[in-house]
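Before any comments, here is the structure.
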Amino acid sequence: MSAPLTTQPNGSVNGTLTPNSTTKNPVICVFCGASPGTSPAHLAAARALAQALHASNAHLVYGGGTVGLMGELAKALVSLSGPQAVHGIIPRALMRFERNTDPNGESIEALEKVIDESKFGRTTIVPDMHTRKHMMAQEVIAGGEGSGFVALSGGYGTLEELMEVVTWNQLGIHEKGVVVFNVEGYWDGLLEWVRKAVETGFVGEGNKGIMVEAKTAEEVVEKLRGYRNAEGRFKLKWGEK
């Protein structure tokens with residue numbers, strides 16, 4: 001898990017993420033691959049998710065890539081809702097891979113100007129992975145009803161980010177929904193692992209529903225809007241010393 005969260009201007013204290021009531025649009029963080037995958041169903045799912053986010057007036061925060069599922073999702077939502085609906089957050093070191101841009105010798109300000117906001121939305125360049133994930137989580141927590149975290153298909157990084165926000169929910173660090181968009185059975189193995197972990201006593205029965213499954217883009221939005229926190233979540237007080 002990442003290093004402990006710190007106090008932020010929007011009111012989060014000592015690792016406890018607290019909402020900003022002035023934000024009304026849902027903010028949905030999507031974890032997904034910088035690859036398109038071998039089946040066209042994955043890119044189609046990214047485009048369908050953009051349609052569903054647009055229909056629900058949701059804003060997207062994501063990992064900042066312009067290629068693969070990341071780029072397809074961001075580009076599709078910008079075309080529907082405009083650049084203000086998309087915020088990409090990317091570590092400088094990943095610019096070469098996820099933005100097809102060489103960061104060497106360029107200032108952050110210069111790099112941010114190079115990125116086409118009219119095509120992919122606003123981009124923030126950060127120094128490291130923890131800052132990226134912390135900022136994405138903060139935006140979700142500050143969002144309106146229906147905000148949450150979604151995992152589309154992806155690789156190691158997508159799985160790591162997904163499991164971190166699941167763990168944060170279990171620990172009481174946030175109270176937002178977590179949905180896996182299960183395209184062509186991509187997440188079947190993970191969902192089976194959850195069932196096995198409950199069966200063998202490593203995940204409590206009361207926590208098996210922290211992560212919920214959706215099979216369509218519309219269902220992703222519905223599951224986030226109707227999300228109910230698991231009864232077995234830990235009652236931890238993160239703001240206490």
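Derivation of every value follows stated rules applied to the coordinates shown; laboratory data play no part. Bear in mind that the values here come from a model prediction, so they are computed numbers and not experimental data. Cβ sites come from the backbone with ideal geometry, for glycine too, and all protein chains shown count toward neighbours.
Report, in debye and to the nearest 20, how large the dipole of the range 154-221 comes out about its Cα centre when Lys and Arg carry +1 and Asp and Glu carry -1 on their Cβ.
The dipole of the range 154-221 has a size of about 160 debye.
Net charge around Phe181, counting only other residues with Cβ within less than 13 Å of its Cβ (Lys, Arg = +1; Asp, Glu = -1)?
On the way: positive: Arg47, Lys215, Lys223; negative: Glu184, Asp188, Glu213, Glu218, Glu219, Glu222.
Every neighbour counted, the sum reads -3.
Can you compute the FRET efficiency between Arg228 and Thr124 using 1/(1 + (r/R0)^6), with r the Cβ-Cβ distance and R0 = 25 Å? Round to the nearest 0.05.
0.20
So how do 184-196, 56-68 stack up, highest first, on mean other-Cβ count within 10 Å?
Descending packing order for the listed peptides: 56-68, 184-196.
At 7 Å along the Cα-to-beta-carbon direction for both Glu219 and Glu175, put a label point, then send me their distance in nm to one decimal.
Going from the Glu219 label point to the Glu175 one covers 2.7 nm.
So the label point goes 7 Å from the Cα of Ala44 along Cα→C-beta, right? Which residues of the range 214-241 then have their backbone N under 13 Å from it?
216-217
Using the Cβ atoms and a cut-off under 14 Å, what net charge is assigned to the surroundings of Ala214, where Lys and Arg are +1 and Asp and Glu are -1?
Around Ala214, the charge tally is -3.
Quick one: Cα centre-to-centre distance for the range 22-60 and the range 113-170, in angstrom?
The range 22-60 and the range 113-170 have Cα centres spaced 12 Å from each other.
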